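In what follows, a structure is listed as structure tokens, so that the remarks can point back to it.
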Amino acid sequence: MNASDLPRSVPFFDFPGLFREHEREYAEVMRCTAAKGGFILQTDVVEFEDRLARFVGARHAIGVSDCTNAMTLGFRAMGLKPGDEVVIPSHTFLATAQAIHFAGGIVVPVELLPDGTVDPADMERAITPRTRALMPVQVNGRICDMDAIADIARRHLLPIVEDAAQALGATYKGRCAGTFGAWGSFSFYPSKLLGCFGDGGALVTDDDEIARLVRAMRNHGANEHKVLGGEAEVWGTNSRLDNIHAAILNHKFPLLPAHLERRREIARRYAAAFADLDELTLPPGPDGDADRYDCFQNYEIESPRRDQLKAYLAANGVGTIIQWGGTAVHQFRRLGFTQHLPRTDRFFERCLLLPMNHLLDDSAVAHVCVMVRRFHGRDA
Ligand SMILES: *Cc1c(COP(=O)(O)O)cnc(C)c1O
């Protein structure tokens with residue numbers, strides 16, 4: 001391929017492209033759903049919950065307005081009390097911490113491993129008599145070392161809960177993200193692995209009681225027959241997955257496995273193109289670990305010249321992002337965090353997300369590869 005074949009611009013994420021991809025079908029799904037008046041908690045939500053539960057291998061899935069609320073309700077359903085501590089990686093979206101805080105708990109952020117997932121040994125060091133749960137985050141579509149975390153949880157008699165917002169379809173030793181603990185949560189934010197055209201989320205669980213409570217709490221405390229008058233037994237809120245979003249998600253769900261495979265193929269291309277760039281630290285490749293199926297919500301690299309690399313790529317039409325706005329959870333000092341996490345601090349000075357999604361065609365991927373190589377003084 002010669003340079004003139006390459007696109008000049010590869011946005012980090014092409015939001016209009018997400019709709020344009022199957023525009024007529026999506027418009028028809030929305031039209032049909034709206035025409036039948038299917039707006040709130042109709043059959044499309046039920047169908048989506050069944051699909052999701054079957055896909056991940058959980059007894060229950062409950063559609064919720066977004067992942068942040070799914071986590072908040074999950075904590076409330078398991079009876080998190082004021083002062084209860086929950087251990088999380090600092091390398092996560094502040095939303096993980098917000099859910100704990102809003103449910104009354106105290107957030108305890110800890111260090112990461114070189115692959116970006118939480119360090120189980122640091123999780124264990126953070127356990128105190130007030131610890132109420134361990135919460136791994138399956139960041140970038142890669143599942144944490146769940147054997148190590150499960151072992152710690154067993155020894156300390158603590159439940160695991162999972163923020164699997166970035167990992168729908170990822171597996172570890174044959175088990176899906178979201179199913180390793182008392183509950184797991186997913187996000188259907190447009191740029192997530194399975195994205196809808198707005199906010200959306202879900203909680204999955206094998207626990208009948210947690211499922212019953214979350215189902216009630218997302219809908220003002222009403223029971224499954226949607227009766228409220230005099231019947232509410234828990235304080236609820238409005239945190240429902242919109243029925244039109246559920247209809248779109250049902251339509252997109254069959255495409256998910258191919259989209260994950262495309263992401264893995266792009267990861268393979270990046271890994272091959274950057275293999276000789278010693279300055280870069282790459283994420284584990286898709287084929288390196290027989291125990292894991294990583295689904296590459298993100299391709300997160302580390303560079304000692306991260307800011308120059310980002311600027312160079314921007315000048316050459318390649319959109320990149322520094323995850324979470326470049327701030328780890330423990331670095332939000334004004335929210336009261338005081339932890340000292342030097343490995344996470346260093347990671348956040350170096351990390352960068354390259355374009356990674358199923359909408360990227362081969363020429364877009366090649367353009368990213370060429371520009372990253374050029375920055376390092378290498379010919380394509
Ligand atoms: C996207 C994301 C969330 C938040 O999901 P919403 O659906 O936007 O609430 C939480 N945690 C992680 C790790 C995420 O990537």
Considering region 153-169, residues that are more than 19 Å from Pro257 (Cβ to Cβ) and touching a Leu at 6+ places or on another chain (Cβ under 7 Å), and then whichever is nearest to the ligand (Cβ to nearest atom), we arrive at Ile160
So which of Arg334, Arg373, Arg346 ends up being among the basic types (Lys, Arg) and either on the phi > 0 side of the Ramachandran plot or in contact (Cβ under 8 Å) with a residue 60 or more places away in the chain (or both)? Arg373
For Ala267, which of the numbered conditions (1) among the small types (Gly, Ala, Ser); (2) buried (at least 18 other Cβ atoms within 10 Å of the Cβ); (3) closer than 28 Å to Lys36 by Cα fails to hold? (3)
Tyr172 is checked against (1) farther than 22 Å from Cys144 by Cα; (2) open to solvent by 10 Å² or more (accessible area, probe 1.4 Å); (3) more than 15 Å from the ligand (Cβ to nearest atom) and fails just one. What number does that condition carry? (1)
Filtering helices (runs of 4 or more DSSP H) wholly in region 185-304 for at least 2 residues that are within 15 Å of Glu49 (Cβ to Cβ) gives 208-217, 243-252
What number of residues in region 230-253 are over 23 Å from Phe19 (Cα atoms) and either in contact with a helix residue (DSSP H, G or I) (Cβ under 7 Å, 6 or more places away or on another chain) or hydrophobic (A, V, I, L, M, F, W, C) (or both)? 6
Could you list, in sequence order, all residues of region 186-203 that are surrounded by 21 or more Cβ atoms within 10 Å (Cβ to Cβ) and under 12 Å from Ser65 (Cβ atoms)? Ser187, Phe188, Cys196, Gly200, Gly201, Ala202, Leu203
The condition from (1) under 26 Å from Thr237 (Cβ atoms); (2) of a type outside the set (S, T, N, Q); (3) buried (at least 21 other Cβ atoms within 10 Å of the Cβ); (4) away from the ligand (no atom under 16 Å from the Cβ) that Gly83 misses is numbered (3)
Consider Asp115 carefully, then state whether it is within 16 Å of the ligand (Cβ to nearest atom) and either open to solvent by 10 Å² or more (accessible area, probe 1.4 Å) or charged (D, E, K, R) (or both). yes
Residue check for Gly200: away from the ligand (no atom under 12 Å from the Cβ) and more than 20 Å from Arg142 (Cα to Cα): no
Just one of the numbered conditions (1) assigned to a helix (DSSP H, G or I); (2) surrounded by fewer than 19 Cβ atoms within 10 Å (Cβ to Cβ); (3) within 16 Å of the ligand (Cβ to nearest atom) is not true of Pro16; which one? (3)
Candidates Ala150, Ala165 - the one that is surrounded by fewer than 24 Cβ atoms within 10 Å (Cβ to Cβ) and either hydrophobic (A, V, I, L, M, F, W, C) or at pLDDT 95 or above (or both): Ala150
Just to be sure before I move on: is Gly104 touching a residue at least 24 places away in the same chain (Cβ under 8 Å), open to solvent by 10 Å² or more (accessible area, probe 1.4 Å) and in contact with a Cys (Cβ under 7 Å, 6 or more places away or on another chain) in the structure I sent? no
Report yes if some residue within region 305-318 is assigned to a loop (DSSP other than H, G, I, E, B), over 30 Å from Leu255 (Cβ atoms) and touching a helix residue (DSSP H, G or I) at 6+ places or on another chain (Cβ under 9 Å); otherwise report no. yes
Exactly one of Ala70, Ala53, Ala77 is touching a Lys or Arg at 6+ places or on another chain (Cβ under 8 Å) and open to solvent by less than 30 Å² (accessible area, probe 1.4 Å), and that residue is Ala53
For region 171-195, give me the residue count where each residue is without any contact (Cβ under 8 Å) to a residue 60 or more places away in the chain and in contact with a Pro (Cβ under 7 Å, 6 or more places away or on another chain). 1
Does any residue of region 21-31 turn out to be touching a strand residue (DSSP E or B) at 6+ places or on another chain (Cβ under 8 Å) and either at pLDDT 95 or above or within 16 Å of the ligand (Cβ to nearest atom) (or both)? no
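The values are calculated or read from the model by the stated rules, or taken from the named source; none is laboratory data. Values in this document were obtained by computation on a predicted structure and should not be read as measured data. Ideal geometry is used to build each Cβ from the backbone, glycine not excepted, and the neighbour counts take in all protein chains shown. The accessibility values were calculated without ligands, DNA or RNA, using every heavy atom of the protein model including side chains. Shrake-Rupley method; radii C 1.70, N 1.55, O 1.52, S 1.80 Å.
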